[in-house]
Structures are given as C-alpha cells and as structure tokens.
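The values are calculated or read from the model by the stated rules, or taken from the named source; none is laboratory data. Being a predicted model, the structure only gives us computed values, none of them experimental. Cβ atoms come from the backbone with ideal geometry, glycine included; neighbour counts cover every protein chain shown. We work out accessible area using only protein heavy atoms, side chains counted, and drop any ligands, DNA or RNA first. Shrake-Rupley method; radii C 1.70, N 1.55, O 1.52, S 1.80 Å.
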Amino acid sequence: MKTRVALLVSTLALSGLLWAVEQRAPGDGIFRRHDKNGDGRVTPDELPDAATFAKFDVNKDGAVTLDEYRQVIRGGGGAAVSPEAIKAVTSGPEILRPGDVGIGRMADDVSFTNLSGRTGKLSDFAKHKGLVIALTSSSCPVSKRQFPQLAKLEGQLKEKGVALLLVNPFASDKPTDIAAQIAENKLASPYVHDRAQALARALQASTTTEVFLLDPTRTLVYRGALDDQFGVDYSLDAPRHRYLLDAVDSLLAGRRPAVQATAAPGCELDLGPAPTAAATAVTYHRDVARILGQNCVRCHHDGGIAPFALDDLEEVRDRAKVIRRVVSEGTMPPWFAAPEKDGAPSPWANDCSLSARDKSDLLAWLASTDRPLGDPKEAPARQLFPGEWSIGTPDLIIPLSKAYDIKATGFMPYQFDVVQTTLTEDKWVTGYEILPSARDVVHHVIVRVHEKGSDPRDRGAGREDLWAAYVPGNGSNVYPAGFARKLPAGARVSFEIHYTPSGQAKKERLRIGLLFARETPRFEVRTAGIPKINLNIPPGAANHREVQTRPVPIDLPVISLIAHMHVRGKAFTFEVVGTDGKAETLLDLPHYDFNWQLRYEFKKPRVLPRGSTVRLTATFDNSAANKANPDPTKTVRWGNQTYEEMMIGYLEYFVPVSGGTASK
C-alpha cells in the first residue's frame, strides 16, 4: 500500500500538474530522483509511465533532459504568461453580480420628451424585439470617444429589430454641442436631454457611457459597458469583447447573455439615493416571476435538471413553503462561497447567490397573507429553453461507450468509461457541455483526456488533471475568446460517473458535446489538481482537518477553483501564502456540499506570484451527527467510493500557445 501511494505521488509530481511537488525536494530535485544513474537523462526504464514520459520528452529522442523537464513544468512549451499578456487579459470593465444591479427586474415605465419635442414612455418600444438605452454626453471625454460607436450601433440594432434611445443626463451640456454631435454622426434615433435625470434615476445609471438592454416586457437583460474599447485611462484600436451586441444576440436567440452586467467607464453620475419603492407592494407578475426567472427557472423548468418547475404561478404556489425554507437557509440558489468581508463586491463571475433586494422581496411575498398577483400585463416574457444543447450545436459529440443499467434503489459504485476518439489532428476546444440522457440519476461526472498511448486507468497518467465536469446546474462551460483546451489527436476520453438511483430502474448513456476553435487560441486552459492522498480521518471526529501545500513555480494566472471531497466533507479553503508568510484566502467554503461541486470562476484571472505557496485546508465530519456519514465508527482513508474520502483542490489556469492567433 505504501509503495503504491509513494509511486502515485511521485508520478503526479512529474506529470505536468504544476504543484504536485514535494516541498522537501522542490524543482530540479524531482528530475534527479528519477535520474537514477545520474547521467543527466531520464529514460523509459527510469520513468516507465508512457504518457508522462511522452509529455516530458519534448524532442522525442527517447530521453528526458533537465532542460526538457524545466521547459515542461514552466508550462506552455517553456513560456510563462508574460506580464503584458496578463495585464491585457485582466484589463477592461469589471464584471458585476447581476442581481446587485437590477438584472432580471422590470424597469419603470418612465415618460420623457425627446429633442424633437415628442413625448413618450418606455412602453412605446414594446413593438420592437428589444430596446437599448444608451447614456451619453457631449462634454464627457469618454462619451465623446464612444459617440461614433453609437452611430454605428444604431444601424446594427435596426437590422436586428431593436430600438435605440439616447439619454444625456447632464443638464449643463449645451444644446448646440449636442446638436452638432448628432449631426456630425448622422444619428436618427430619439435623443433625450434628461436635465431632471428622471430616466437616469429610474435606471440608477452610474456613468455617461452605460448602456441598458430591455426586452419587450421591460425586463433588464444587460447593463454596463458597450464594449471594452475605451476606458478612463486606456483606449484600444478595437474592442475585444462586444458586451452589448453579444447580449442582444443572446436575447434574440432566447438565451441568457454570458455576461449580464459590467461597470461602464465614463463620467460618474451623482443621482442621489435610489427612488423609493417602499410604498409599492411586491407582486407576482411584476416582481416574483422575474426574481424566479433570473435566479431559479434556468434549472426549474419542464425538462430541466431540477425536480420541479417554477415558471408557472400554480407551481410556485404549490412549492411556496419549500422555496421560503431553502431561500431563508441560503441553500438555494446553490452558492457556497462565503460572502466577502465588509461588504466588498464578490470576486466571482458566476456568483448566483440572491441579491439582498431579490431575497427580501421574494421572502416578503412568500410570507404575505394574500401573495398579491398584480397586473398580468406586467408579466415577463416566458423563457424558452433549448431542446438539447445549450451551447449550440457541437462540432463533436462523444457518447459513453455503452448505456449503463441504473437500478431503482440502493447504492451504485462509480462507473469508469473510456472512449477512443478518431481525431487525426489536435483540436482546440472552446466550450463543452455534458448532457445526461437521464438527469435524475447522474450525480456528477468527471471527464479527463488521455494522450495517445497512455493508459486511462493508470492513476499516475494525469488522472487528477480534470478536463471537464458535470454537477447539477453546472454541466457546461464556454471559454472567453482566445482561450481553449487541447484535445490531442488520437486521444482517449475517460468518464468517471457517480450514478444515484432515483426510484425507477432505467438506462443511462450520457454524452459530451464539444465546440472547436476556428483558429489557434492565444492561451491554453489547463487544470492542476492538488490532492492529499494520505488521508487519515479518525472515527467519530466532527472537525478533522487536513492540510496540503504546494509551491507556485511561476507567476500563474488562475481563472477558477473547484473543491472536491465526499460526503464527510464539511468545509474547504484555498489560500495563497506569500514569501513574507502572510496568507490570503482565495476561496472559503464554510459549508461544503457534496451535492453541489461548483466551479468558482474569478471575474478576472488571479495571478499567484512565483515563490508563493498554495495552501488547502479541508475539514471532515466523521461523526454520527453527519446524517450523510455511511459509518462514523470507521477510520476513513482515500478512495473512489463515497463511503471513502478524497481531498483535491483543482486550479484552472492558462499558459500561452505558440503561434496563437486569437485577438489580443
């Protein structure tokens, strides 16, 4: 047993998982341990794992030199991500948590008078497929740079059947300057000089460049920056991300935008406190249906992964007590990262926790005696969901090698399925979706990719290098432009599946769909797994802690974190410890839930500095008080099954790709 564990740790250390390095022998010491005869070359006899050897034998001459070893562990074919590249990736508008800025809520039907003297209100645009409200100014420098883009946007929106309304909230802007700006750019859309800031206040606009996208029912779909071309202190030749147009395309396709809210650079607006809504009772049609639609219905709809739908009034009434309990407890929507201290903004791009306003309004309506319905005319548009693939039609679909028989009740061991691809060339994967054929029996799936010639069942052959994953509500991912994962020619794909009987015997054969890049990306996405294999959790221990550390060999840009334990898992933290010994928490999961192994995606990549240390701390509850505990009388060690335990911290990061052509 000790020999097998030692071999596993040693092979993990040399397998391209950047931190699977023993701290007592960091860096080149790993190479020297495998160079048993001391000749400066590691041969297949000294490193018998074929896949690991192939990874480090860069020039394919049948031996690994120290230079080749150093080249691979530094990532990206020997190149770390340059400070300039990291700065380019991390610059641009801040992504905001949608619920904090009103995404999904109904905009008031504000009246206005445009420069032509015509009066109107926002509901007048209901005949269009959507409405873009663009704030602007004839004096703000950033607005002036952006104004020609608004003229171009006007034509783009018109082709899509979407209206444009321009709003200038600065009373001090001169009418002659405004008229000259409109004439120079040949703008024809209605323009409102919002001197009293009625529109700006109703929208709670933040700057003079912010744009708002409303659907025909005045539901706020997107707000923030038009794109990332201009900022207060920078200007690019062309935008890298077209946030508004991407949101418009998503609206027209019946999808939720990938980015729903950003901070818009520009001249800040001082609008005073938000208009009071205390006297307005929360109603189902105007408020509750939208809160549920924004936060719950993506899973809770007919055919969705949730056990019941919440997109209909009767369904909501039937589940009112359940909704009230899980929202009050904070178990729904599923999000387990601890709130930031002192009310700091969430660092997570996919933070799906309810905003304070949404939670308060929803609980107030559920607790009211009459649960007012309001005006049916204020109801949101009914959401449409794709019949199959939410990421669009995949370029390649890989099914399991066979259908698995799932019994009606009882326990099922993990299933391990391997599929041989027929790819004759390397492919760059920009997105994936794992689609079960029977969602109610699939608890989670871990997908790994194995290079040609490797043994997928060899735990040393990169088995901890997670490539894709599925948990309820989190089974797909599309990477930003310029980022992709590599699928090598001739690779085999392995699926580790946790099936849970649902009361009815059935067959299940899930699939993974892949989207391919049209050109070589700029960055390759990888995942490093930091396991602690020598677990020893005593019987009855309610708060047993295990700690694992790994040094950071290069400045490493991390884009997401995932914690993995089994049913005794209680809490998990990721920390980075600087060279000065000071620790900073990257992710704190005070209440780990095995049923929701979520991916926590940073808004902007977090660069872990070279020389720092990643520290993982896991807390396990092996006591009888843990209702999910299979046997509190047993000492628990590492193992695949849920009655055993694991401790792995996954860090998703990126490295440069030689010859990458994605936009910079």
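Between the stretch 595-664 and the stretch 332-401, how many Å separate their Cα centres?
First find each Cα centre; the distance between them is then 24 Å.
Identify all lysines with a Cα-Cα distance to Lys506 below 22 Å; exclude those on the same chain that are fewer than 8 residues away in sequence.
Lys402, Lys407
So if R0 is 60 Å, what FRET efficiency would Glu84 and Thr409 give, r being the distance between their Cβ atoms, rounded to the nearest 0.05?
0.55
Provide the gained length on full extension for the span Gln156 to Ala356, in nm with one decimal, where the gain is 0.36 nm per separating residue minus the Cα-Cα distance.
Length gained between Gln156 and Ala356: 68.4 nm.
Please turn the phi angles of the stretch 157-172 into ³J(HN,Hα) values with the Karplus equation 6.51 cos²θ - 1.76 cosθ + 1.60 (θ = phi - 60°), one per residue in order, whole Hz, x for glycine and proline.
Result, ordered by residue: 5, 4, 4, 8, x, 10, 8, 10, 10, 9, 10, 10, x, 9, 5, 7 Hz.
Using θ = phi - 60° and the Karplus form 6.51 cos²θ - 1.76 cosθ + 1.60, what ³J(HN,Hα) does each residue of the stretch 138-149 get, whole Hz, x for Gly and Pro?
Whole-Hz 3J(HN,Hα) from phi for the stretch 138-149: 8, 10, 5, x, 5, 4, 5, 5, 7, 4, x, 5.
Under a 5 Å amide H to amide H cut-off, with H placed in plane at 1.01 Å, what residues pair with Asp455 once short-range neighbours are removed?
Under 5 Å from the amide H of Asp455 lie the amide H atoms of Ala51, each far enough along the sequence or on another chain.
Label the chain by shape, choosing from rounded, prolate and oblate, from the square roots a ≥ b ≥ c of the eigenvalues of the Cα gyration tensor; if a/c is under 1.5 it is rounded, and otherwise prolate applies when a/b is larger than b/c, oblate when it is not.
Since a/c reaches 1.5 and a/b is larger than b/c, the shape of the chain is classed as prolate.
Can you return the aspartates and glutamates within cross-link range of Lys127? Criterion is Cα-Cα under 20 Å, with same-chain partners fewer than 8 residues away left out.
Straight-distance partners of Lys127: Asp108, Asp109, Glu154, Glu159, Asp215, Asp249, Asp375, Glu378.
Got a sec? Charge dipole of the chain, +1 on Cβ for Lys and Arg, -1 for Asp and Glu; which of Ser111, Pro380, Val42 is way out at the positive end?
Most positive-ward Cα: Pro380.
What residues have an amide H closer than 5 Å to that of Ala349, excluding those fewer than 5 places away on the same chain, when H is modeled at 1.01 Å from N in the peptide plane?
Glu601, Phe602, Lys603
Give the cross-link partners of Lys359 among the aspartates and glutamates, using a straight C-alpha distance below 18 Å as the criterion and excluding same-chain residues fewer than 8 apart.
Asp100, Asp287, Asp311, Glu329, Glu340, Asp351
Dipole size in debye (nearest 20) for the stretch 349-506 around its Cα centre, Lys and Arg Cβ +1, Asp and Glu Cβ -1?
Approximately 260 debye in magnitude.
Could you check the spin-label model distance between Arg518 and Lys144? Points 7 Å from the Cα along Cα→Cβ, value in nm.
Result: 3.7 nm between the two label points.
Rounded to a whole number, what % of the accessible area of the chain do carbon and sulfur atoms account for, probe 1.4 Å?
Accessible surface attributable to carbon and sulfur in the chain totals 51 percent.
Which one of Ser206, Ile323, Tyr653 is farthest out on the positive end of the charge dipole of the chain, using unit charges on Cβ (Lys, Arg +1; Asp, Glu -1) and the Cα centre as origin?
Ile323
What is the sum of charges around Glu508, taking Lys and Arg as +1, Asp and Glu as -1, for the other residues whose C-beta is under 13 Å from the C-beta of Glu508?
Details: positive: Lys402, Lys407, Arg439, Lys506, Lys507, Arg509, Arg511; negative: Asp405, Asp417, Asp440.
Taking every other residue near Glu508 into account, the sum is +4.
Which stretch or stretches of the stretch 356-379 have amide N atoms under 13 Å from the point lying 7 Å from Arg317's Cα along the Cα→Cβ direction?
Those under the cut-off are 370-374.
Past 31 Å, Cα to Cα: identify those pairs from Lys36/Lys60; Lys452/Lys634; Lys129/Lys174, in the order given.
Listed pairs above 31 Å: Lys452/Lys634; Lys129/Lys174.
With the Cα gyration tensor of the stretch 99-250 giving a ≥ b ≥ c as the square roots of its eigenvalues, does the rule (a/c under 1.5 for rounded; else a/b larger than b/c for prolate; else oblate) give rounded, prolate or oblate?
rounded
Treating only the Cβ atoms of Lys and Arg (+1) and Asp and Glu (-1) as charged, compute the dipole magnitude of the stretch 58-201 about its Cα centre; round to the nearest 20 debye.
340 debye
Just going by the charge dipole of the stretch 462-550, with Lys and Arg at +1 and Asp and Glu at -1 on Cβ, which of Gly490, Pro472, Asn534 is farthest out on the positive end?
It is Gly490, whose Cα lies furthest towards the positive end.
Taking the Cβ of Thr422 as the center, what net charge do the other residues with Cβ under 14 Å away carry, scoring Lys and Arg +1 and Asp and Glu -1?
Result for the neighbourhood of Thr422: 0.
Quick one: dipole size for the chain, taken about the Cα centre, charges +1 on Lys/Arg Cβ and -1 on Asp/Glu Cβ, in debye to the nearest 20. Please report the intermediate quantities before stating the final value.
On the way: 82 positive and 79 negative charges, 122 e Å.
With Lys and Arg at +1 and Asp and Glu at -1, about 580 debye.
Once you sort the root eigenvalues of the Cα gyration tensor of the stretch 349-394 as a ≥ b ≥ c, which label holds: rounded (a/c under 1.5), prolate (a/b larger than b/c) or oblate (the other case)?
Cα axes put the stretch 349-394 in the oblate bin.
Taking H placed 1.01 Å from N in the peptide plane, check which residues at least 5 places from Leu556 or on another chain put their amide H under 5 Å from its amide H.
Leu608, Arg610
Counting Lys +1, Arg +1, Asp -1, Glu -1, what net charge surrounds Trp348 among other residues with beta carbon under 9 Å of its beta carbon?
0
Read phi for every residue in the stretch 570-579 and hand back ³J(HN,Hα) as whole Hz from Karplus 6.51 cos²θ - 1.76 cosθ + 1.60, θ = phi - 60°, with x for Gly and Pro.
10, 7, 8, 9, 10, 10, 10, 10, x, 5
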